[in-house]
Amino acid sequence: MRQLWPAADGAELDRDDLLALYASPDPSWVRVNFVASVDGAVAVGGLSTGLHAPGDKELFGVLRELADVVLVGAGTARAERYRGARTTPEREDRRRARGRAPVPPIAVVSTRGDLDPGSGLFTDTSVPPLVLVAAAHAQDAAARLGGRAEVVGASGDDPSATDPGAVLAALAARGLTRVLCEGGPALFGSLLAAGRVDELCLSLAPQLAGGGIDRIVAGPALDGPRPLRLAGVLAHEDGLLLRYRTSDPGHSVGSFG
């Protein structure tokens, strides 16, 4: 893996290089990570694993290692058969050296919290996940999951719906301010519409998926295109790993209220 931009000496980057390169510039930072084909597909056969972006798997591990929490929508968690947070002793040591918890929990956004308590998300994990639900459904969700997760009500003005600001506030209240969102498109869309995204990491798979594709953002149309600033480009084999920041760095992190 080589850095193309900003210009570098072309040397191969190791994991320590990547950890330094992708370290959050602010202790409160919302980073979104996606993989997409050259023609914009976010999945093949309904799964992101159908896309093959060289270097993406390595970067995926680096971004998780740097995060306080991994945020994901319930639909993506089901489709991708998410398991809970897992790690290695080496990663735990590196996180402790940075003053972080040994393992970043998985946090799932689900309006009703209707998740399978027998899934690997809850049974194959080093730490219990968080489930962020609409306040009106929090009690039922907690009973359904039977203590296998911390269930948190995260609503705004509408108690029957989750709210991106309330989700981030609930995480921040637990000291989880370096947020890595792994999708899906609807969750990304809600965070983007609320102006709560600081950075997008986009792994570009050297593939063409054809028609009928979904994009990395779903939901209502934005009030206008959101400008991004290119922060870095890495190359690995035929794939590109792109990193963009919002035009107003830090705009989403001043307050989680």
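The values are calculated or read from the model by the stated rules, or taken from the named source; none is laboratory data. Everything quoted here is computed from the prediction, not taken from an experiment. Heads up, the Cβs are rebuilt from the backbone with ideal geometry, glycines too, and the neighbour counts pull from every protein chain shown. The accessibility values were calculated without ligands, DNA or RNA, using every heavy atom of the protein model including side chains. Shrake-Rupley method; radii C 1.70, N 1.55, O 1.52, S 1.80 Å.
Taking region 56-86, which residues are β-branched (Val, Ile, Thr), closer than 14 Å to GLY183 by Cβ and open to solvent by less than 10 Å² (accessible area, probe 1.4 Å)? I'd like the intermediate steps shown before the answer.
The initial filter retains those residues of region 56-86 that are β-branched (Val, Ile, Thr), namely 62, 69-70, 72, 76.
Okay, now just the ones that are also closer than 14 Å to GLY183 by Cβ, so 70, 72, 76.
VAL70, VAL72, listed by residue number.
Of all residues in region 200-217, count the ones that are part of a loop (DSSP other than H, G, I, E, B), aliphatic (A, V, I, L, M) and open to solvent by less than 50 Å² (accessible area, probe 1.4 Å). Write out each step before concluding.
From region 200-217, those part of a loop (DSSP other than H, G, I, E, B) are 206-217; that's our starting set.
This time we only want the ones that are aliphatic (A, V, I, L, M), so: 208-209, 213, 216-217.
Subset that is open to solvent by less than 50 Å² (accessible area, probe 1.4 Å): 209, 216.
Residues meeting the conditions: 2.
Could we say that ALA135 is in contact with a helix residue (DSSP H, G or I) (Cβ under 7 Å, 6 or more places away or on another chain) and either free of Cβ contacts under 8 Å to residues at least 24 places away in the same chain or open to solvent by 10 Å² or more (accessible area, probe 1.4 Å) (or both) here? Explain how you work it out, then say what you get.
Working: in contact with a helix residue (DSSP H, G or I) (Cβ under 7 Å, 6 or more places away or on another chain): no; either free of Cβ contacts under 8 Å to residues at least 24 places away in the same chain or open to solvent by 10 Å² or more (accessible area, probe 1.4 Å) (or both): yes.
Considered against the rule, which asks whether it is in contact with a helix residue (DSSP H, G or I) (Cβ under 7 Å, 6 or more places away or on another chain) and either free of Cβ contacts under 8 Å to residues at least 24 places away in the same chain or open to solvent by 10 Å² or more (accessible area, probe 1.4 Å) (or both), ALA135 comes out as no.
Given the conditions (1) within 21 Å of THR246 (Cα to Cα); (2) touching a residue at least 60 places away in the same chain (Cβ under 8 Å); (3) open to solvent by 20 Å² or more (accessible area, probe 1.4 Å); (4) not in a helix (DSSP H, G or I), which single one is not true for VAL30?
Of the numbered conditions (1) within 21 Å of THR246 (Cα to Cα); (2) touching a residue at least 60 places away in the same chain (Cβ under 8 Å); (3) open to solvent by 20 Å² or more (accessible area, probe 1.4 Å); (4) not in a helix (DSSP H, G or I), the odd one out for VAL30 is (3).
Looking at (1) over 22 Å from LEU59 (Cβ atoms); (2) open to solvent by 40 Å² or more (accessible area, probe 1.4 Å), which is the one condition that is false for GLY224?
Unmet for GLY224, out of (1) over 22 Å from LEU59 (Cβ atoms); (2) open to solvent by 40 Å² or more (accessible area, probe 1.4 Å): (2).
Could you please find all residues in region 198-217 being in contact (Cβ under 8 Å) with a residue 60 or more places away in the chain, out of contact with any Asp or Glu (no Cβ under 8 Å at 6 or more places or on another chain) and under 19 Å from GLY75 (Cβ atoms)?
Hits for region 198-217 are ASP214, ARG215, ILE216.
In the list ALA23, ALA53, which residue meets the criterion of being under 29 Å from GLY165 (Cβ atoms), part of a loop (DSSP other than H, G, I, E, B) and open to solvent by less than 50 Å² (accessible area, probe 1.4 Å)? Before the answer, list the steps.
Numbers: ALA53 fails: under 29 Å from GLY165 (Cβ atoms).
Going through ALA23, ALA53 in turn, the sole match is ALA23.
Pairs, please: C-beta under 9 Å, at least 6 apart or cross-chain, first residue free of Cβ contacts under 8 Å to residues at least 24 places away in the same chain and farther than 17 Å from VAL131 by Cα and in region 67-95, second of a type outside the set (Lys, Arg) and open to solvent by less than 50 Å² (accessible area, probe 1.4 Å)?
As it stands, the answer is GLU92/PRO102; GLU92/VAL103; ASP93/PRO102, since those pairs meet every condition given.
Just give me the residues in region 96-111 being hydrophobic (A, V, I, L, M, F, W, C) and farther than 19 Å from VAL151 by Cβ, in sequence order.
Residues satisfying the conditions are ALA97, ALA101, VAL103.
Go through the residues of region 36-49 one by one and say whether even a single one is surrounded by fewer than 21 Cβ atoms within 10 Å (Cβ to Cβ), assigned to a helix (DSSP H, G or I) and in contact with a strand residue (DSSP E or B) (Cβ under 8 Å, 6 or more places away or on another chain). It would help to see each step written out before you state the result.
Of region 36-49, the ones surrounded by fewer than 21 Cβ atoms within 10 Å (Cβ to Cβ) are 38-40, 44-47, 49.
From what is left, the residues that are assigned to a helix (DSSP H, G or I) are 49.
From what is left, the residues that are in contact with a strand residue (DSSP E or B) (Cβ under 8 Å, 6 or more places away or on another chain) are none.
No, that holds for no residue.
If we keep just the residues of region 216-234 that are in contact with a Gly (Cβ under 8 Å, 6 or more places away or on another chain) and modelled with pLDDT of 90 or more, which is farthest from LEU171 (Cα to Cα)? Walk me through how you get there before you give the answer.
We begin by selecting, within region 216-234, every residue in contact with a Gly (Cβ under 8 Å, 6 or more places away or on another chain); these are 216-220, 234.
Right, trim to modelled with pLDDT of 90 or more and you get 216-219, 234.
On the way: ILE216: 23, VAL217: 22, ALA218: 23, GLY219: 23, LEU234: 30 Å.
By that ranking, first place goes to LEU234.
With ARG112, ARG148, ARG86, ARG100 as the choices, which residue is assigned to a loop (DSSP other than H, G, I, E, B), within 30 Å of ILE213 (Cα to Cα) and either at pLDDT below 95 or over 15 Å from the mean Cα position of the chain (by Cα) (or both)? Lay out the reasoning, then the answer.
Values: ARG148 fails: within 30 Å of ILE213 (Cα to Cα); ARG86 fails: within 30 Å of ILE213 (Cα to Cα); ARG100 fails: within 30 Å of ILE213 (Cα to Cα).
Residue meeting the stated conditions: ARG112.
Working only within region 159-199, note down all residues that are part of a helix (DSSP H, G or I) and small (Gly, Ala, Ser).
So in region 159-199, the residues part of a helix (DSSP H, G or I) come out as 164-173, 185-193.
If the condition is that a residue be part of a helix (DSSP H, G or I) and small (Gly, Ala, Ser), then GLY165, ALA166, ALA169, ALA170, ALA172, ALA173, ALA186, GLY189, SER190, ALA193 are the ones that fit.
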